[in-house]
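Below you'll find the structure, written out as structure tokens, and then a few comments.
The values are calculated or read from the model by the stated rules, or taken from the named source; none is laboratory data. None of the values given here were measured: they were computed from a predicted structure. Glycine gets a Cβ as well: all are built from the backbone with ideal geometry, and neighbour counts include every protein chain shown.
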Amino acid sequence: MNDSDNPGSVFHDSLVEANGLLYLLVNNDCFNQDDERMTKEPLIHARDLENAICRYQELLGDKRRFFEMGILKKTEDDTYFKLVCYQQILKCYKHILPLTTKESDREKYIKDGVDYCHDVFQLLNVYGEKIEDQPVRNSDFMNAVGEFHLSTNREEKYSEVEKIFSRSLDHAEYHNLALYQLEALLGLADVCSKSGKNDLSATHLEYCNSNESFLKVLRQQPDIQERISIRIQNLQNKRRRYHLYGLIIQILSLTVKVHPRSNCIVFKTYCFI
């Protein structure tokens with residue numbers, strides 16, 4: 001599109017293009033020749049994600065111009081446009097990591113993703129620390145950063161990730177954005193679970209069903225409801241395993257003793273009827 005065609009819609013068209021790419025390439029399903037929905041093969045999905053990353057990177061270097069509030073701007077200089085592209089790239093990296101078989105590729109994706117996380121916060125920090133001065137969608141971008149770090153499964157990042165989601169939750173609560181609050185709560189539940197803070201993880205999940213605003217979003221977003229249900233089930237299974245493990249330890253502590261003459265460990269045998 002040339003500047004002379006319709007400069008007022010360039011910015012909108014660029015964002016639509018970015019979101020369209022996300023839908024077509026990042027999603028793990030597609031339609032076959034018979035218009036039947038099918039799951040992409042892992043190799044095809046990984047290829048699509050790589051193509052999407054490349055396209056978003058090209059969009060970041062885009063130098064088209066557009067008008068906003070009567071002011072002529074360039075896409076390459078627009079903060080919001082960059083944040084949207086960074087967010088989509090991070091989502092691509094999050095999805096491609098589980099599909100990656102080569103460790104060298106995985107390390108490269110993680111390194112590149114971490115660099116984009118840094119770029120996101122560099123742009124967000126321009127608005128300062130006061131929540132009231134920050135753009136409404138800041139929580140959305142912070143959640144993308146937190147979710148990427150979670151996907152890398154690097155324990156040394158868990159403390160930082162917990163702070164990111166907490167900051168996002170505070171921002172979303174201030175602006176009364178239930179969707180972003182739920183996503184931040186899910187992120188907190190995940191990182192707490194990975195850190196062994198299962199009770200705190202359960203508290204975050206329970207809070208997701210705590211008010212009408214959340215319940216309204218969950219009715220409109222069944223995928224988020226499903227994610228919450230899966231995490232609650234995983235926590236319950238984990239608790240059962242811990243309980244069973246504790247019982248086994250108790251049984252062993254009662255049935256194991258050291259033979260007084262040989263210092264060898266012997267086991268008592270019990271028959272449970």
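Restricting region 123-166 to residues that are over 15 Å from the mean Cα position of the chain (by Cα) and among the charged types (D, E, K, R) leaves a set whose member that is farthest from L200 (Cα to Cα) is D133. Selection within region 160-185: residues that are without any contact (Cβ under 8 Å) to a residue 12 or more places away in the chain and farther than 22 Å from P98 by Cβ. The member of this set that is surrounded by the most Cβ atoms within 10 Å (Cβ to Cβ) is E173. What pairs come out if I take residues in region 125-137 that are closer than 15 Å to K82 by Cα and pair them with residues that are among the hydrophobic types (A, V, I, L, M, F, W, C) whose C-beta lies under 7 Å away, six or more apart or interchain? If the second residue must be among the hydrophobic types (A, V, I, L, M, F, W, C), no pairs are left. The set of residues from region 195-221 being closer than 20 Å to L177 by Cβ and of a type in the set (A, V, I, L, M, F, W, C) comprises L205, C208, F214, L215, V217, L218. Of the helices (runs of 4 or more DSSP H) contained entirely in region 103-211, those carrying at least 3 residues that are touching an Asp or Glu at 6+ places or on another chain (Cβ under 8 Å) and modelled with pLDDT of 95 or more fall at 138-152, 178-194. At pLDDT 75 or above, assigned to a helix (DSSP H, G or I), in contact with a Leu (Cβ under 6 Å, 6 or more places away or on another chain) and surrounded by fewer than 20 Cβ atoms within 10 Å (Cβ to Cβ) - does that describe any residue in region 68-80? The answer is yes; a qualifying residue exists. When you look at V217, is it over 20 Å from L235 (Cα atoms), surrounded by 18 or more Cβ atoms within 10 Å (Cβ to Cβ) and modelled with pLDDT of 90 or more, yes or no? Answer is yes for this residue.
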